[in-house]
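The values are calculated or read from the model by the stated rules, or taken from the named source; none is laboratory data. Note that the coordinates shown come from a computational prediction; the quantities given were computed from them, not determined experimentally. Cβ: placed from backbone, ideal geometry, glycine included. Neighbour counts: every protein chain shown. Accessible surface areas use protein heavy atoms only, side chains included; no ligands, DNA or RNA. Shrake-Rupley method; radii C 1.70, N 1.55, O 1.52, S 1.80 Å.
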Amino acid sequence: MSDQQTVSGPETFDRMWADLVPLGRDPDSGGYHRHAWNGADTEVRAWFTEAAVARGLDVRADRNGNLWAWWGTPGPGAVATGSHLDSVPDGGAFDGPLGVASALAAVDELRGRGLTPTRPLAVTVFVEEEGGRFGVPCLGSRLTAGEISPERVRGLTDASGTTWAQAMEAAGHDPHAIGADPEALAGLDAFVELHVEQGRALEETPHPVGVASAIWPHGRWRMDFTGRADHAGTTRLSDRSDPMLPFAHAVLAARALAEEHDARATVAKARIAPNGTNAIPSSVSAWLDARAADGAVLDAIVDGVREVAAKTAREHGVEHAMVNESLTPLVSFSHGLRDRLAAVVASRAPDPRVPVLPTGAGHDAGVLAAHVPTAMLYVRNPTGVSHSPHERARPEDCHAGVLALADVLQDLLERPVDEGEG
Ligand code: GLV
Ligand code: MN
Ligand code: MN
């Protein structure tokens with residue numbers, strides 16, 4: 001891309017963003033349904049490959065389908081940056097894609113500055129970060145980090161019963177090859193993920209860019225309530241085994257416990273069978289998403305919901321089971337690297353006190369942090385809304401993010417992470 005040599009990262013970001021935004025956008029809601037291996041996901045992966053190749057980067061899919069676009073020959077001491085392109089159901093434009101487009105724009109910015117890295121730089125796209133199709137989040141990074149078994153992933157099913165293996169194969173990738181990739185991670189000196197902020201902390205400051213401190217422990221639990229279908233109009237209340245009732249108690253318990261512990265607990269996905277207006281349901285399956293600043297508090301919330309669900313299920317003659325589907329312990333990003341990023345970001349910031357923020361949102365960076373020195377940058381979100389078509393970031397804040405990321409990458413490429421930082 002010859003003209004990329006002379007333009008700035010913010011300029012190329014705008015062009016990329018204009019190309020990316022329409023891909024897979026729902027014309028009614030304005031949201032996205034980009035989920036692992038579906039049509040919209042294939043489109044955005046193709047967009048990434050084209051954009052990276054146009055920059056002369058060497059694009060490779062790893063054994064798990066994650067994409068790596070290399071500036072320089074892959075090898076030890078590499079710096080990697082990126083995020084994900086998949087969305088939650090009807091998700092926003094920024095969660096994930098902002099970090100990917102900003103990473104490519106940061107490459108343009110560094111080239112425009114005349115930088116020739118002496119160590120390789122990779123721009124990465126991790127698969128199925130949201131778990132929007134197969135239920136378990138951060139599948140691409142978890143597989144690569146060896147934190148989930150390939151057998152389990154191959155067998156995960158989507159809402160229509162299609163397995164991960166079938167979907168991956170249909171998208172042209174070998175599902176038998178998936179698994180841990182310790183060499184890929186051992187070659188990385190650092191990983192940095194830029195992400196839209198999913199809260200309003202930066203909006204309360206003059207800062208367009210912040211640095212991550214920690215990710216709350218969080219997880220997903222599947223709750224199954226099994227009762228007996230019957231006639232809604234004729235079945236006496238005392239004769240019913242209605243799974244909707246303990247389910248409702250569990251939802252309210254989750255909310256009450258989250259309030260009590262200043263945490264988060266949400267039930268946002270449920271499947272009701274047979275889902276008829278005039279039939280008592282035979283079963284309800286629902287997913288609890290719970291997050292807390294502290295692992296013991298998270299356990300207390302989940303145990304509390306389980307107790308209420310079990311007790312009210314018994315009272316209504318309903319069977320109940322609850323299983324954990326994913327769990328991410330507390331991630332405390334390395335203080336040394338975090339402080340180094342904050343110092344770099346401060347050089348363009350409105351004042352030197354760059355915000356350092358914890359979050360309840362999960363990220364691939366949180367999975368990689370146990371294996372590679374890892375850090376995150378957040379770009380201000382004017383409303384804080386995320387996982388919604390209403391998710392936003394101002395163009396000028398996105399530009400500040402690109403420049404901050406370029407500064408951070410330049411710094412990391414010039415000086416490896418030392419022991420105290422990683
Ligand atoms: C991912 O965005 C999550 O925190 O659910
Ligand atoms: Mn998300
Ligand atoms: Mn994300």
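Answer with yes or no whether residue 67 is surrounded by 22 or more Cβ atoms within 10 Å (Cβ to Cβ), assigned by TED's automatic domain parsing to the domain that holds residue 164, within 15 Å of ligand 2 (Cβ to nearest atom) and closer than 29 Å to residue 150 by Cα.
Against the criterion (surrounded by 22 or more Cβ atoms within 10 Å (Cβ to Cβ), assigned by TED's automatic domain parsing to the domain that holds residue 164, within 15 Å of ligand 2 (Cβ to nearest atom) and closer than 29 Å to residue 150 by Cα), residue 67 does not qualify.
Which one is nearest to residue 394 (Cα to Cα) among residues in the range 322-345 that are more than 16 Å from ligand 1 (Cβ to nearest atom) and touching a Pro at 6+ places or on another chain (Cβ under 8 Å)?
337
Does the range 345-366 contain at least one residue that is within 15 Å of ligand 3 (Cβ to nearest atom), touching a helix residue (DSSP H, G or I) at 6+ places or on another chain (Cβ under 7 Å) and not aromatic (Phe, Trp, Tyr)?
Checking the range 345-366: at least one residue is within 15 Å of ligand 3 (Cβ to nearest atom), touching a helix residue (DSSP H, G or I) at 6+ places or on another chain (Cβ under 7 Å) and not aromatic (Phe, Trp, Tyr).
Answer yes or no: is there a residue in the range 18-40 that is farther than 24 Å from residue 379 by Cα and within 16 Å of ligand 2 (Cβ to nearest atom).
Yes, the range 18-40 has at least one match.
Do we have residue 41 as among the acidic types (Asp, Glu), assigned to a helix (DSSP H, G or I), over 21 Å from residue 14 (Cβ atoms) and assigned by TED's automatic domain parsing to the domain that holds residue 403 here?
Yes: the conditions hold for residue 41.
Go through 348, 340 for me and flag whichever is over 22 Å from residue 361 (Cα atoms), charged (D, E, K, R) and assigned to a loop (DSSP other than H, G, I, E, B).
One residue alone meets the criteria, 348.
Give 268, 296, 279, 273 a once-over and let me know the one that is under 14 Å from residue 221 (Cβ atoms) and either of a type in the set (A, V, I, L, M, F, W, C) or away from ligand 3 (no atom under 16 Å from the Cβ) (or both).
Matching residue, one of 268, 296, 279, 273: 268.
Mind listing just one residue for me: the one in the range 109-133 that is basic (Lys, Arg) and surrounded by fewer than 21 Cβ atoms within 10 Å (Cβ to Cβ) and, of those, farthest from ligand 1 (Cβ to nearest atom)? Talk me through it step by step, then tell me what you get.
Just the residues of the range 109-133 that are basic (Lys, Arg), to begin with: 111, 113, 119, 133.
Restricting the remaining residues to those that are surrounded by fewer than 21 Cβ atoms within 10 Å (Cβ to Cβ) gives 113, 119.
Details: 113: 32, 119: 30 Å.
Restricting to residues being basic (Lys, Arg) and surrounded by fewer than 21 Cβ atoms within 10 Å (Cβ to Cβ), the top hit is 113.
Specify the residue that is least open to solvent (accessible area, probe 1.4 Å); the eligible residues are those in the range 346-368 that are away from ligand 1 (no atom under 16 Å from the Cβ) and within 23 Å of the chain's Cα centre (by Cα).
Initially, the range 346-368 is screened for residues away from ligand 1 (no atom under 16 Å from the Cβ), giving 346-356.
Subset that is within 23 Å of the chain's Cα centre (by Cα): 355-356.
Values: 355: 19, 356: 58 Å².
If we take residues in the range 346-368 being away from ligand 1 (no atom under 16 Å from the Cβ) and within 23 Å of the chain's Cα centre (by Cα), then 355 is least open to solvent (accessible area, probe 1.4 Å).
Please find, among 408, 385, the residue that is more than 28 Å from residue 30 (Cα to Cα), among the β-branched types (Val, Ile, Thr), out of contact with any Phe, Trp or Tyr (no Cβ under 8 Å at 6 or more places or on another chain) and in contact (Cβ under 8 Å) with a residue 24 or more places away in the chain.
On the way: 385 fails: more than 28 Å from residue 30 (Cα to Cα).
Unique residue meeting the criteria: 408.
Criterion first (polar (S, T, N, Q) and touching a His at 6+ places or on another chain (Cβ under 8 Å)) does residue 87 satisfy it?
So residue 87 fits the description; yes.
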